[in-house]
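Worksheet for the structure shown next.
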Amino acid sequence: MIEAMEQKIAHVVQESLPVIQIRHLYKSFGANQVLKNFSLDLIKGETMVVLGKSGSGKSVLIKCIIGLLKPDSGTISVFGKNIPDLDHDELDRVRAKVGFLFQSNALYDSMTVRENLEFPLRRHWIDLSKDEVFSLVSEALTNVGLADTLDMMPAELSGGMRKRIALARTLILKPEIILYDEPTTGLDPITGQEISSLMMELQKKYHTSSIIISHDMKCVKMVANRIAMLIDGTRYACDTYKALEASDDDRIKQFFK
């Protein structure tokens, strides 16, 4: 009885542990100090939005998390591994569990939708049969409502459809964490809302943890469990949309007008 209770408690504690833990992060480009003593925790199953002005360092932050940029100092623990300390192979193994949706979608124009989705499976040297690959591609496209686009080229798709295909490609490795860089930028309001709703549906279906960089306050309100305010390179505030919207702090209020 006691042993069973201890196991339950251990499970709850494990579920609440951060999947990403950032401590005292600094990053500069020459004399321009972008991140200054930035700290943040992402809890398993949580959607965290990082909100800040253009040029405040939001995209720099997620590029540091995925290892595309090396911080000057500080730690970035993803699944318990400090990203700046990892070698190429170790970083690749972590990246296989982390999906990254680029602002530009980063689809290969010379590849069909099918080939774009197959690319990450080949990139990570996953040993799958043709039937298994086709099954994963079909599932990913069905998840984003575009099962009939398999052999189309990116140029044949609308902006919203390209965003959905990019999301399908991000999901194909079944990542435990997804990093979104401005997922609704460049989309009309209706399509942006559809993408926001889709992100929420897929998070619930796959129990992913997410960090979202966004200026779109409608998207932020829909998807965020918590919002981290990135101001002057540091985490100025971190709370729910409702709590931050009610803040009397002028530096926070400017985002909720």
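Laboratory data are not the source of any read-out in this text; all were calculated from the coordinates shown. Everything numeric in this text was worked out from a predicted model, so none of it was measured. We place every Cβ from the backbone using ideal geometry, glycine too, and count neighbours over all the protein chains shown.
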Pairwise label distance in nanometres, residue 152 with residue 89, each label 7 Å out on the Cα-Cβ vector: 4.2 nm
Region 101-174, dipole about Cα centre (Lys/Arg Cβ +1, Asp/Glu Cβ -1), debye to the nearest 20: 320 debye
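Which length gain, in nm to one decimal place, applies between residue 97 and residue 82 when the Cα-Cα distance is subtracted from 0.36 nm times their residue separation?
On the way: separation 15, 0.36 × 15 = 5.40 nm, distance 1.46 nm.
Between residue 97 and residue 82, full extension yields an extra 3.9 nm.
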Sequence-separation-based contact order of the chain, relative, with Cα cut under 8 Å and 6+ spacing, percent: 25 percent
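What does the charge count near residue 232 come to, summing +1 for each Lys or Arg and -1 for each Asp or Glu among other residues with Cβ under 12 Å from its Cβ? If you can, show how the numbers build up before the last one.
Numbers: positive: 36, 53, 235, 251; negative: none.
Result for the local shell: +4.
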List every residue whose amide H lies under 5 Å from the amide H of residue 238, counting only residues 5 or more places away in sequence or on a different chain, with H placed 1.01 Å from N in the peptide plane. 229
Return the single residue from 114, 235, 122 with maximal mean-square fluctuation; model: Gaussian network over the chain, springs between Cα atoms under 10 Å. 122
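Using the C-alpha atoms of region 101-174, what convex hull volume per residue, in cubic angstrom, is computed? Intermediate results must be reported in sequence, preceding the final value.
On the way: hull volume 6.1 nm³, N = 74.
Output value, Cα hull per residue: 83 Å³.
Using Cβ contacts closer than 10 Å as the measure, can you line up 43, 252, 190 from fewest to most? List each step's numbers first, then the result.
Numbers: 43 17, 252 20, 190 9.
Arranged by neighbour count, lowest to highest, 43, 252, 190 become 190, 43, 252.
Restricting to the chain, compute how many DSSP beta bridges are antiparallel as a %, nearest 5. Intermediate results must be reported in sequence, preceding the final value.
Details: 20 of 37 bridges.
Of the beta bridges lying entirely in the chain, close to 55 percent run antiparallel.
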